[in-house]
Amino acid sequence: MEETGAPAPRRWLGWLAQEPVLSVLALGLIVLQWVRPQPFSVLAGLIDWQTVATLAGLLMLTKALELSGCLMWLAHRIVHHVRSERGLAMLLVVFAAVLSMWLTNDVALFVVVPLMVSLRALTPLPFRRLVIVVALAVNAGSVATPLGNPQNLFLWQLSGVSFGRFVVTLGPLAIALMVLLLAVTACTFRAKPLDLSGDAVALPVQRMHALIAAVLFAAFVLLADAHHPLPGLVAVAIVLLVVKRDAVLKIDWLLLLIFVLMFVVLRSAAALPVVHDAIAHAHLDSPLRVFAAGAVLSQGISNVPAAILLSEFTHDWRALAFGVSVGGFGFAIGSLANLIAVRLAKEPRMWLPFHLVSIPFALASAALGAWLLVHG
């Protein structure tokens with residue numbers, strides 16, 4: 001009996017090793033419930049169901065676009081106009097950053113990463129490096145506008161400044177981060193010609209399915225932006241179950257579970273009295289202290305909860321915005337966009353290479369951000 005039962009624990013351990021984020025979050029929830037038990041109703045109230053619904057809808061729609069063949073068609077066009085690995089990387093970085101300014105960093109990833117997966121099917125690519133620089137790009141580009149990420153939207157509404165004033169305030173940081181990232185990208189990728197020997201004739205696009213998915217995508221983004229993602233998700237699921245049911249059934253359900261657990265664990269941790277006491281004793285009485293608090297706290301509880309929590313202790317929204325923007329780099333937990341990028345890529349052994357690039361980039365970004373905060 002012991003011999004027949006032995007493989008099952010090993011399989012479970014192997015599965016847990018393949019899902020390190022999910023494993024850490026589950027362990028964190030167990031520890032938090034032991035330290036400060038809360039009923040299920042309270043835990044469920046910590047979940048941002050609008051964000052979960054938005055992610056679910058985007059997962060379905062990008063899967064529908066992929067199944068229609070339009071992403072492969074677009075990838076086929078790109079590889080015949082961009083001739084080198086470096087050129088392709090620079091194009092994807094700029095494209096992802098510009099998209100993130102207006103569609104949020106998460107939505108930008110749902111466009112760019114599936115496109116990169118299609119590109120990889122046409123030509124050998126340094127895929128892990130591409131995923132890493134694109135994840136950094138959406139975090140850097142999204143700094144520029146109030147629409148770029150959730151913490152910017154929160155701080156914009158909190159500050160009461162105009163849209164233009166916010167862009168002027170955060171724009172220099174976004175530009176500096178993008179210049180730094182483009183320099184890193186230029187050094188990381190070679191001017192090696194793309195190998196198109198394995199490229200075949202592009203498969204025909206299922207135009208009606210692609211059109212339906214594109215229209216649903218645009219409508220869903222508008223509904224999500226208007227804070228109505230739940231009815232949008234229901235409509236998307238119903239339509240896709242009729243026209244392309246695999247777009248609903250074959251999404252990454254574990255990614256949704258990870259986000260549910262993240263909301264519960266991170267918000268529970270942020271609510272601990274010890275966290276509030278530590279912030280209260282940090283004396284956030286100067287811009288640099290606020291900046292440092294935002295950058296450091298983001299590494300532990302992610303930048304959106306960090307922005308919300310620290311706003312209770314300071315009125316310096318500019319320094320806080322700078323801090324949590326830089327805090328999106330470094331550890332993957334710093335920004336939920338990092339986790340989305342890695343999950344969408346479905347590439348094994350991504351975490352170590354990601355952090356080998358992201359942590360040094362975070363340190364350089366922190367130095368840039370601090371200098372701009374003082375001299376800008």
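State whether one or more residues within the range 135-146 are part of a helix (DSSP H, G or I), closer than 20 Å to PRO348 by Cβ and touching a Phe, Trp or Tyr at 6+ places or on another chain (Cβ under 9 Å). Reasoning before the result, please.
The initial filter retains those residues of the range 135-146 that are part of a helix (DSSP H, G or I), namely 135-144.
Now narrow it down to the ones that are closer than 20 Å to PRO348 by Cβ: 135.
Cutting the leftovers down to touching a Phe, Trp or Tyr at 6+ places or on another chain (Cβ under 9 Å) gives us 135.
Yes, the range 135-146 contains at least one residue that is part of a helix (DSSP H, G or I), closer than 20 Å to PRO348 by Cβ and touching a Phe, Trp or Tyr at 6+ places or on another chain (Cβ under 9 Å).
Every residue in the range 293-303 that is in a helix (DSSP H, G or I) and crowded, with 24+ Cβ neighbours inside 10 Å, please.
ALA293, GLY294, ALA295, LEU297, SER298, ASN303, listed by residue number.
Given the structure, is LEU284 under 30 Å from GLN38 (Cβ atoms) and without any contact (Cβ under 8 Å) to a residue 40 or more places away in the chain?
Against the criterion (under 30 Å from GLN38 (Cβ atoms) and without any contact (Cβ under 8 Å) to a residue 40 or more places away in the chain), LEU284 qualifies.
For (1) closer than 18 Å to ALA137 by Cβ; (2) out of contact with any Lys or Arg (no Cβ under 9 Å at 6 or more places or on another chain), each residue gets a yes or a no:
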{"site": "ALA306", "(1), (2)": "no, yes"}
{"site": "LEU310", "(1), (2)": "no, yes"}
{"site": "HIS315", "(1), (2)": "no, yes"}
{"site": "LEU320", "(1), (2)": "no, yes"}
{"site": "VAL326", "(1), (2)": "yes, yes"}
{"site": "MET350", "(1), (2)": "yes, no"}
{"site": "PRO360", "(1), (2)": "yes, yes"}
{"site": "ALA364", "(1), (2)": "yes, yes"}
{"site": "LEU373", "(1), (2)": "no, no"}
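In the range 328-373, which residue that is of a type in the set (Lys, Arg) and not in a helix (DSSP H, G or I) is nearest to SER100 (Cα to Cα)? Working first, answer last.
The initial filter retains those residues of the range 328-373 that are of a type in the set (Lys, Arg), namely 343, 346, 349.
Right, trim to not in a helix (DSSP H, G or I) and you get 346, 349.
Values: LYS346: 21, ARG349: 26 Å.
Among them, the one singled out is LYS346.
Mind listing just one residue for me: the one in the range 91-126 that is at pLDDT below 90 and among the hydroxyl-bearing types (Ser, Thr, Tyr) and, of those, surrounded by the most Cβ atoms within 10 Å (Cβ to Cβ)?
THR104
Only one of LEU182, LEU211, LEU194 is hydrophobic (A, V, I, L, M, F, W, C), within 30 Å of ALA364 (Cβ to Cβ) and either modelled with pLDDT of 90 or more or touching a strand residue (DSSP E or B) at 6+ places or on another chain (Cβ under 6 Å) (or both). Can you tell me which?
It is LEU182.
When you scan the range 345-354, do you find a residue that is small (Gly, Ala, Ser) and within 21 Å of VAL112 (Cα to Cα), even just one?
Checking the range 345-354: at least one residue is small (Gly, Ala, Ser) and within 21 Å of VAL112 (Cα to Cα).
Within the range 333-342, track down each residue that is hydrophobic (A, V, I, L, M, F, W, C) and crowded, with 24+ Cβ neighbours inside 10 Å.
Hits for the range 333-342 are LEU336, ALA337, ILE340, ALA341.
Being out of contact with any strand residue (DSSP E or B) (no Cβ under 9 Å at 6 or more places or on another chain) and part of a loop (DSSP other than H, G, I, E, B) is true for just one of VAL82, VAL93. Which residue is that? Walk me through it before giving the result.
Working: VAL93 fails: part of a loop (DSSP other than H, G, I, E, B).
Just a single option satisfies the conditions, and that option is VAL82.
Within the range 159-179, can you find the residues that are touching a helix residue (DSSP H, G or I) at 6+ places or on another chain (Cβ under 6 Å) and hydrophobic (A, V, I, L, M, F, W, C)?
The answer is PHE166, LEU170, LEU173, ALA174, ALA176, LEU177, MET178.
May I ask you to list pairs of residues, at least six apart or on different chains, whose Cβ atoms are under 8 Å apart, with the first in the range 330-344 being in contact (Cβ under 8 Å) with a residue 40 or more places away in the chain and acidic (Asp, Glu) and the second being surrounded by 23 or more Cβ atoms within 10 Å (Cβ to Cβ) and not in a helix (DSSP H, G or I)?
So the pair list comes out empty.
Looking at (1) under 17 Å from the mean Cα position of the chain (by Cα); (2) buried (at least 18 other Cβ atoms within 10 Å of the Cβ); (3) more than 30 Å from LEU182 (Cβ to Cβ), can you tell me which one GLN50 breaks?
Status for GLN50: all satisfied but (2).
Can you list residue pairs whose Cβ atoms sit under 9 Å apart, with the first residue in the range 248-261 being touching a residue at least 24 places away in the same chain (Cβ under 8 Å) and part of a loop (DSSP other than H, G, I, E, B) and the second being of a type in the set (Gly, Ala, Ser) and crowded, with 19+ Cβ neighbours inside 10 Å? Count only pairs 6 or more apart in sequence or on different chains.
What qualifies is ILE251/ALA56.
One line per residue, one yes/no per condition, for (1) touching a Phe, Trp or Tyr at 6+ places or on another chain (Cβ under 8 Å); (2) surrounded by 15 or more Cβ atoms within 10 Å (Cβ to Cβ); (3) under 30 Å from GLN33 (Cβ atoms):
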residue: PRO229; (1), (2), (3): yes, yes, yes
residue: LYS244; (1), (2), (3): no, yes, no
residue: LEU249; (1), (2), (3): no, no, no
residue: ASP252; (1), (2), (3): no, yes, yes
residue: LEU257; (1), (2), (3): no, yes, yes
residue: LEU261; (1), (2), (3): no, yes, yes
residue: LEU266; (1), (2), (3): no, yes, yes
residue: ALA269; (1), (2), (3): no, yes, yes
residue: VAL275; (1), (2), (3): no, yes, yes
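Name the single residue, out of those in the range 354-376 being buried (at least 20 other Cβ atoms within 10 Å of the Cβ) and of a type in the set (Gly, Ala, Ser), that is farthest from VAL168 (Cα to Cα).
SER358
Would you mind stating whether SER41 is at pLDDT 85 or above, more than 17 Å from GLY328 (Cβ to Cβ), among the polar types (S, T, N, Q) and part of a helix (DSSP H, G or I)?
yes
When you go through LEU170, LEU181, LEU216 one by one, which is the residue that is surrounded by 19 or more Cβ atoms within 10 Å (Cβ to Cβ) and within 26 Å of PRO124 (Cα to Cα)? Can you show your working first?
Numbers: LEU170 fails: within 26 Å of PRO124 (Cα to Cα); LEU216 fails: within 26 Å of PRO124 (Cα to Cα).
Answer to the selection: LEU181.
The values are calculated or read from the model by the stated rules, or taken from the named source; none is laboratory data. This is a predicted model, so every value here is computed, not measured. As a convention, Cβ positions derive from the backbone with ideal geometry for all residues, glycine included, and neighbour counts pool all protein chains shown.
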